[in-house]
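The values are calculated or read from the model by the stated rules, or taken from the named source; none is laboratory data. Quantities reported herein were computed from a predicted structural model and do not represent experimental measurements. No Cβ is skipped: glycine too gets one built from the backbone with ideal geometry, and neighbour counts run over all protein chains shown. We work out accessible area using only protein heavy atoms, side chains counted, and drop any ligands, DNA or RNA first. Shrake-Rupley method; radii C 1.70, N 1.55, O 1.52, S 1.80 Å.
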Amino acid sequence: MPTTFIELPANLDSRRKRWTRSEYDELYASALLDGQRLELVEGDLIDKMGKKRPHVISLNLLQGWLIQVFGVRRVNPGASIDVAPEDNPSNEPEPDLIVLKRDLSDFTKENPGPEDLELVVEVADFTLWFDLTTKAALYARAGIVEYWVPDVAGRRLIVHRDPQAGKYASVAAYSEEESVAPLAAPESLLQVRDAFPE
């Protein structure tokens, strides 16, 4: 008679190299990457592959709207951020857009941390699953108060709020017929359709 399978054995796959942030910094300082753009997430080097036109257009539309709401000196595209202290040794994500609580000139020597961020945005086309799982968990553990994932193919905006115990307690998808305001600017409504190309 078979027994009930209760737990999986530990993953002992030794072929995977888990990178630390110091190794990642050394790799960037060397000439080995030759201009390749990578980000460090959960010990993995993620290729920041070239973006397709719909992704680029959505990114530009959102950046323009966020600049109107928060000002050009608080909206930062493609910048590295720090996350939770326990995650920092193996993570240095580069969201598509961040909105800072202070002027970007305050961060010339170090990355902004979760306490410095009003909003983090990851525009998703081919990366939707990764952005909704791995990145969402990383940002929730850091206590980032608001995380937006514009789903280019689905033409919807997935809004994560209220980080608790490593997860977002509130996750809502807004269709292109709806509007949403960032927590830090509740009077500024974004028409979701305006975040996507026609």
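Which condition number does ASP194 fail, the rest of (1) assigned to a strand (DSSP E or B); (2) open to solvent by 10 Å² or more (accessible area, probe 1.4 Å) being met?
Here ASP194 meets the rest and fails (1).
Restricting attention to region 152-161, does a residue exist that is surrounded by 13 or more Cβ atoms within 10 Å (Cβ to Cβ), touching a helix residue (DSSP H, G or I) at 6+ places or on another chain (Cβ under 8 Å), touching a residue at least 40 places away in the same chain (Cβ under 8 Å) and outside any loop (DSSP other than H, G, I, E, B)?
no
If you go through region 62-81 one residue at a time, do you hit one that is at pLDDT 95 or above and within 20 Å of THR20 (Cα to Cα)?
Checking region 62-81: at least one residue is at pLDDT 95 or above and within 20 Å of THR20 (Cα to Cα).
Being open to solvent by 70 Å² or more (accessible area, probe 1.4 Å) and not in a strand (DSSP E or B) is the filter here, so list the residues in region 162-179 that pass it.
ALA165, GLU177, GLU178
Give me the pairs: first residue in region 61-82 and closer than 20 Å to PRO186 by Cα and charged (D, E, K, R), second residue part of a helix (DSSP H, G or I) and at pLDDT below 95, beta-carbon distance under 7 Å, and six or more apart or on different chains, which are they?
What qualifies is ARG73/LEU104; ARG74/LEU104.
Filter region 90-104 for residues that are hydrophobic (A, V, I, L, M, F, W, C) and either in contact with a helix residue (DSSP H, G or I) (Cβ under 7 Å, 6 or more places away or on another chain) or open to solvent by 10 Å² or more (accessible area, probe 1.4 Å) (or both) and give the result.
Result: LEU97, VAL99, LEU100, LEU104.
Determine whether TYR147 is aromatic (Phe, Trp, Tyr), in contact (Cβ under 8 Å) with a residue 40 or more places away in the chain and either outside any loop (DSSP other than H, G, I, E, B) or open to solvent by 40 Å² or more (accessible area, probe 1.4 Å) (or both).
no
Need pairs with beta-carbon distance below 7 Å; first residue over 19 Å from LEU132 (Cα atoms) and within region 172-189, second acidic (Asp, Glu); sequence gap 6+ or separate chains.
Final answer for the pair search is ALA181/GLU187; LEU183/GLU146; ALA184/GLU118.
Determine, yes or no, whether ALA142 is open to solvent by 30 Å² or more (accessible area, probe 1.4 Å) and touching a Gly at 6+ places or on another chain (Cβ under 9 Å).
no
Take the conditions open to solvent by 50 Å² or more (accessible area, probe 1.4 Å), under 17 Å from the mean Cα position of the chain (by Cα) and either among the aliphatic types (A, V, I, L, M) or at pLDDT below 95 (or both) and apply them to ASP87. Does it pass?
It is false that ASP87 is open to solvent by 50 Å² or more (accessible area, probe 1.4 Å), under 17 Å from the mean Cα position of the chain (by Cα) and either among the aliphatic types (A, V, I, L, M) or at pLDDT below 95 (or both).
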